[in-house]
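Undergrad: Just passing along the structure, written as structure tokens.
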Amino acid sequence: MTNYKAPMRDIRFAMKEVLGFDTHYASLPGGEDASPEMVDAILDEFAKFCENALVPINRSGDEEGCHWNDGVVNTPHGFKEAYRLYADGGWASVTGAADYGGQGLPSSLGRVLSEMLTAANTGFALYTAGQSGAIETLAEFGTHEQRSLYERKLIDGSWNATMCLTEPHCGTDLGLLRTKAEPNQDGSYNITGTKIFITGGEHDLTENIVHIVLARLPDAPEGTKGISLFIVPKYLCDDGNLRERNSVRCGSIEHKMGIKASATCVMNFDGAKGYLLGESNRGLMAMFTFMNASRIAAATQGVAHAELGFQKSLAYARERLQMRAPTGPQNPNGPADPIIVHPDVRRMLLTQKAFAEGNRLLIYYLSQQLDLAERGNDEATRNAAKSQLDFLTPIAKAFASETGFEAANQGLQCFGGHGYIREWGMEQNVRDARIAMLYEGTTGVQALDLLGRKVLGAGLITLQTFINQIDVFCDLEAEHQTLGPLLAKLRELTTEWQTMTLNIGERARSNPEEVGAASVNYLMYCGYVCLAYLWAQSAAVAARKLESGTAEPEFYRSKILTAQFYFNHLLPRTRTCVQVINAGAESLMTLSAEHFQF
């Protein structure tokens, strides 16, 4: 059975050859520490940690799951030891602020490490995801005292963190939340309410857990405008020294389809002491920092599951003998040919490869924008990067998680009936992948955010900016014969993208339901075009390498051939998206609720 190996050659291709991370880091204020040698050393060492410490406990963690007993949660065997290696290795501190004990390296490097972590062991990785989101939120909205206490402990890995939004009666519609925050005379607040689906809400990996909680003050306005954000630690503390247990308990853990090694908790806050984070009644804005970090993490999960499925199914397809190739025996000395010779198996393998490597580029590009938004040399650069992040985050979250799940399914399909059996690890990959399309905002929620707010609500400015970027690339590569068909298709799609968006906006003026009817197909269209742009860039880099001479001709030829496969076999899915968008809302909404029958 093949186990996950960090795809270092492709990670470096994406980072260094396509997206120019070496130059990018050198241009960032404070980025000089992220030298090519330093980055390579970090990538190599972290890959070893993932392969040696996390891969061996991935399946066993899924088999065992977490254990709840009277509010206490124990993680699966081996997780505490692996987490100690993670913390002692300084991996939680890579992108943390140097002033608070971190290494101060760019955020994008943490995103690259996150992919390896998630592919090696998704259940384990989810315990670390709350740390990075809380650190970013504290860095942006916390006081110096809060950062000195909480951020420092999160950066050194001795404490963990959660994001507490969802309640039993309210998920996406946070304006309905009921958790209360009553002020105390000492400036603290008593937090009372129940939160559900809290990843890592209780566990035995760290000595303390810092809950970042949305709650409503007594005099708060109704709806989302009346939400504040609070720090609620599991243990109260002075100067980092733990004191008494706070009044927050885990009521139960969920019994889930996948990610069973990750404790998904019901958390009961019974007058728990909390501390305001940021401004009162502006908590949702502050929480979006955490939420957007989590959305990028969910997109990264899609990449990880596609990569894991591809590695396992590729190895199986090379070994499994079934029938003969259509063109005649390819393994004449054996009873049959390996299934990789069959066109349909090639289709499944190439689909996984195209989505894993294409979405990797998308996540890494998005991470570059995160660096620029945080560290750009001037305000114009930072604002432009924030605009790109606003536009691309919902696309990446939804598209990468949807296609990552598809790729995981294709990986299982390559195994036939063996894929359905637990010992191969393919059914676990499918189960673990499914949640990424749900949490941090479902695909439908991301699609409404993209089309309604980020595109139409912004007057198409963010869309036009990205399209202009694609057009500039096409102009620069116009003379390259290898890319000719790809560039022609890209130009055709960018023109259609603009026209289609204007048409949706025009229809929505007379019928607001048109936005919701079009949104998911619109988002998927955007995702397919984004990956087409990135695959064309990959093909351009590969073509130049082949022309100039390279010791790795097969690696670069594979990039060009995979790009051509993507354009020929996956990009045509945009035709269906366009047809459905043009069909409009009428056939969706005409049937009344009473007429739905079974």
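Undergrad: Within the stretch 299-307, identify whether any single residue is of a type in the set (Gly, Ala, Ser), touching a strand residue (DSSP E or B) at 6+ places or on another chain (Cβ under 7 Å) and modelled with pLDDT of 90 or more, and answer yes or no.
TA: Scanning the stretch 299-307 turns up no residue that is of a type in the set (Gly, Ala, Ser), touching a strand residue (DSSP E or B) at 6+ places or on another chain (Cβ under 7 Å) and modelled with pLDDT of 90 or more.
Undergrad: Just to check your reading of the model, which residue among Val529, Val520 is β-branched (Val, Ile, Thr) and touching a Leu at 6+ places or on another chain (Cβ under 6 Å)? Lay out the reasoning, then the answer.
TA: On the way: Val520 fails: touching a Leu at 6+ places or on another chain (Cβ under 6 Å).
Just a single option satisfies the conditions, and that option is Val529.
Undergrad: What residue, among those in the stretch 132-149 that are of a type in the set (S, T, N, Q) and crowded, with 24+ Cβ neighbours inside 10 Å, is nearest to Leu277 (Cα to Cα)?
TA: Only one residue fits best here, namely Thr137.
Undergrad: Within the stretch 192-204, count every residue that is among the aliphatic types (A, V, I, L, M) and either surrounded by fewer than 20 Cβ atoms within 10 Å (Cβ to Cβ) or touching a Lys or Arg at 6+ places or on another chain (Cβ under 6 Å) (or both).
TA: 0
Undergrad: Right, here's the next one. Check Asp371, Asp344 and return the single one that is of a type in the set (Asp, Glu), in a helix (DSSP H, G or I) and surrounded by 17 or more Cβ atoms within 10 Å (Cβ to Cβ).
TA: Answer to the selection: Asp371.
Undergrad: How do the helices (runs of 4 or more DSSP H) wholly within the stretch 1-113 filter down when requiring 2 or more residues that are touching a residue at least 60 places away in the same chain (Cβ under 8 Å), at negative phi and within 20 Å of the chain's Cα centre (by Cα): which remain?
TA: Details: elements: 8-12, 21-27, 36-49, 58-64, 79-88.
Hits in the stretch 1-113: 8-12, 36-49.
Undergrad: State all residues of the stretch 483-516 that are without any contact (Cβ under 8 Å) to a residue 60 or more places away in the chain and not in a helix (DSSP H, G or I); if no residue qualifies, say none.
TA: Pro512 - this is the single residue of the stretch 483-516 that is without any contact (Cβ under 8 Å) to a residue 60 or more places away in the chain and not in a helix (DSSP H, G or I).
Undergrad: Going by the structure shown, is Thr501 touching a Leu at 6+ places or on another chain (Cβ under 8 Å) and of a type in the set (S, T, N, Q)?
TA: yes
Undergrad: I'd like to check which strands (runs of 3 or more DSSP E) are fully inside the stretch 212-265 and have at least 3 residues that are hydrophobic (A, V, I, L, M, F, W, C).
TA: Passing ranges, in order: 228-233, 248-253.
Undergrad: In this structure, is Leu523 out of contact with any His (no Cβ under 6 Å at 6 or more places or on another chain), at pLDDT below 95 and crowded, with 20+ Cβ neighbours inside 10 Å?
TA: no
Undergrad: Of everything in the stretch 480-497, what is more than 25 Å from the chain's Cα centre (by Cα), surrounded by 14 or more Cβ atoms within 10 Å (Cβ to Cβ) and not hydroxyl-bearing (Ser, Thr, Tyr)? Give them in sequence order.
TA: Correct list: His480, Leu483, Leu486, Leu487, Lys489, Leu490, Arg491, Leu493, Glu496.
Undergrad: Can you tell me which residues in the stretch 238-264 are farther than 15 Å from Glu202 by Cβ and free of Cβ contacts under 8 Å to residues at least 12 places away in the same chain?
TA: Answer for the stretch 238-264, where residues must be farther than 15 Å from Glu202 by Cβ and free of Cβ contacts under 8 Å to residues at least 12 places away in the same chain: Asp238, Asn241, Arg243, Glu244, His255.
Undergrad: Tell me, which residue of the stretch 163-184 that is surrounded by fewer than 17 Cβ atoms within 10 Å (Cβ to Cβ) and modelled with pLDDT of 95 or more is farthest from Gly133 (Cα to Cα)?
TA: Asn184
Undergrad: Looking only at the stretch 135-159, how many residues end up being in contact (Cβ under 8 Å) with a residue 60 or more places away in the chain and small (Gly, Ala, Ser)?
TA: 3
Undergrad: What number of residues within the stretch 173-185 are assigned to a loop (DSSP other than H, G, I, E, B) and within 23 Å of Arg249 (Cβ to Cβ)? Reasoning before the result, please.
TA: Pass one, the stretch 173-185, residues assigned to a loop (DSSP other than H, G, I, E, B): 173, 177-179, 184-185.
Now narrow it down to the ones that are within 23 Å of Arg249 (Cβ to Cβ): 177-179, 184.
Number of matching residues: 4.
Undergrad: Which of the residues belonging to the stretch 71-101 are of a type outside the set (Asp, Glu), surrounded by fewer than 22 Cβ atoms within 10 Å (Cβ to Cβ) and either farther than 18 Å from Cys50 by Cα or in contact with a strand residue (DSSP E or B) (Cβ under 6 Å, 6 or more places away or on another chain) (or both)?
TA: Scanning the stretch 71-101 gives Gly71, Val72, Val73, Asn74, Ala97, Ala98, Gly101.
Undergrad: Next question, about the same structure. Of all the residues that make up the stretch 53-71, how many are in contact with a Lys or Arg (Cβ under 7 Å, 6 or more places away or on another chain), small (Gly, Ala, Ser) and over 16 Å from Met267 (Cα atoms)?
TA: 1
Undergrad: Test of understanding: among Leu460, Leu450, Leu456, which residue is more than 21 Å from Pro572 (Cβ to Cβ) and surrounded by 20 or more Cβ atoms within 10 Å (Cβ to Cβ)?
TA: It is Leu450.
The values are calculated or read from the model by the stated rules, or taken from the named source; none is laboratory data. What you see is a predicted model; the values in this text were computed from it and never measured. Don't worry about glycine lacking a Cβ; one is built from the backbone with ideal geometry, like all the others, and counts go over all protein chains shown.
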